[in-house]
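First comes the structure, then the notes that go with it.
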Amino acid sequence: MRTAGLASVAIFLNDNIVSLQMITGRSMQPALNPDSNHLWRDVVVMDRCVQGLLSTQRLERGDIVAFVSPFNPERVVIKRIIGLPHDCVVPHTNPQAFVRIPKGHCWVEGDESFHSNDSNTFGPLPMALIKSRAVAPVWPPWRFANRLSGMPDWKKKRVYANGTTPLR
């Protein structure tokens, strides 16, 4: 009986509070999986309290988030939030254009833009698809508790907060 109770608590915590996620792919290099020869993969603590009643903080530009793929609901993808509702973003695919992010959406991109399927492909992401926020790596041991760096400066130049103010 006690084991079943502990298992129930563990499942609740994993589904609603905090979980571990193994990161695959190159799209978030160098923040995640910086080893380009793929000998190891980062395992990251994910804060699952990003939406709803349990949320303690608002999502911000620069946060690395996991979300349900808009193309394949069976797949979870991890990217960095670049823009928030009402921001304007200059997409990689059309540097002559602006995309204004609608209410309830955000703009997400991988840090390694050439290996990323992100908002440049599918447009603004509904924030309801976001399931968790990356907190810190716990594996491999030498990356334990490293701070996940903020938004790269070269991305900030493409974002206008509230549509008018360039990020610095």
Which residue fluctuates the most in the chain, going by a Gaussian network model with Cα springs under 10 Å, if the choices are ALA134, ALA97, ALA66?
ALA97
For the stretch 124-166, what is the accessible area per residue in Å², given a 1.4 Å probe and the full set of protein chains?
56
Quickly work out the LYS156-to-THR3 label distance, labels modelled 7 Å from Cα along the C-beta direction, and quote it in nm with one decimal.
5.3
Leading residue at positive end of dipole, the stretch 54-113 (Cβ point charges), from PRO102, VAL89, LEU59:
PRO102
At GLU60 and ARG41, where each label point lies 7 Å from the Cα along Cα→Cβ, what is the point-to-point distance in nanometres?
2.9
Gaussian network model of the chain, Cα within-10 Å springs - most flexible of ARG147, ARG26, ARG158:
ARG147
Once R0 is set to 41 Å, what does the formula 1/(1 + (r/R0)^6) return for the Cβ-Cβ distance between THR164 and ILE11, expressed as a FRET efficiency to the nearest 0.05?
0.35
Would you work out which of PRO126, SER116, VAL77 lies farthest towards the positive end of the dipole of the stretch 50-164? Charges go on Cβ: Lys and Arg +1, Asp and Glu -1.
PRO126
Might you report the magnitude of the Cβ-based charge dipole of the chain about its Cα centre, with Lys and Arg at +1 and Asp and Glu at -1, to the nearest 20 debye?
280
Listed residues LEU148, ILE17, LEU167: farthest to the positive end of the dipole of the chain (Cβ charges):
LEU167
For the stretch 123-129, Karplus-derived ³J(HN,Hα) couplings (6.51, -1.76, 1.60; θ = phi - 60°; whole Hz; x for glycine and proline) come out as x, x, 9, x, 5, 5, 7
Relative to the longest principal axis of the chain, what angle (0 to 90°, nearest 10) does the C-alpha long axis of helix 2-16 take?
0
Scalar couplings 3J(HN,Hα) for the stretch 96-110 by Karplus 6.51 cos²θ - 1.76 cosθ + 1.60 (θ = phi - 60°), nearest whole Hz, x for Gly and Pro, are 8, 10, 10, 10, 8, 7, x, 4, x, 10, 9, 10, 10, 9, x
Taking a cut-off of 18 Å, what percent of all Cα-Cα pairs in the stretch 109-168 are separated by more than that?
57
Sites PHE122 and PHE98 - FRET efficiency at Förster radius 25 Å, r taken between beta-carbons, to 0.05:
0.90
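The values are calculated or read from the model by the stated rules, or taken from the named source; none is laboratory data. Please read these numbers as outputs of a predicted model, since none were measured by experiment. For neighbour counting, all protein chains shown are included, and Cβ atoms are generated from backbone atoms with ideal geometry for every residue, glycine included. What goes into the accessible areas is simple: the full protein's heavy atoms, side chains included, and nothing from ligands, DNA or RNA. Shrake-Rupley method; radii C 1.70, N 1.55, O 1.52, S 1.80 Å.
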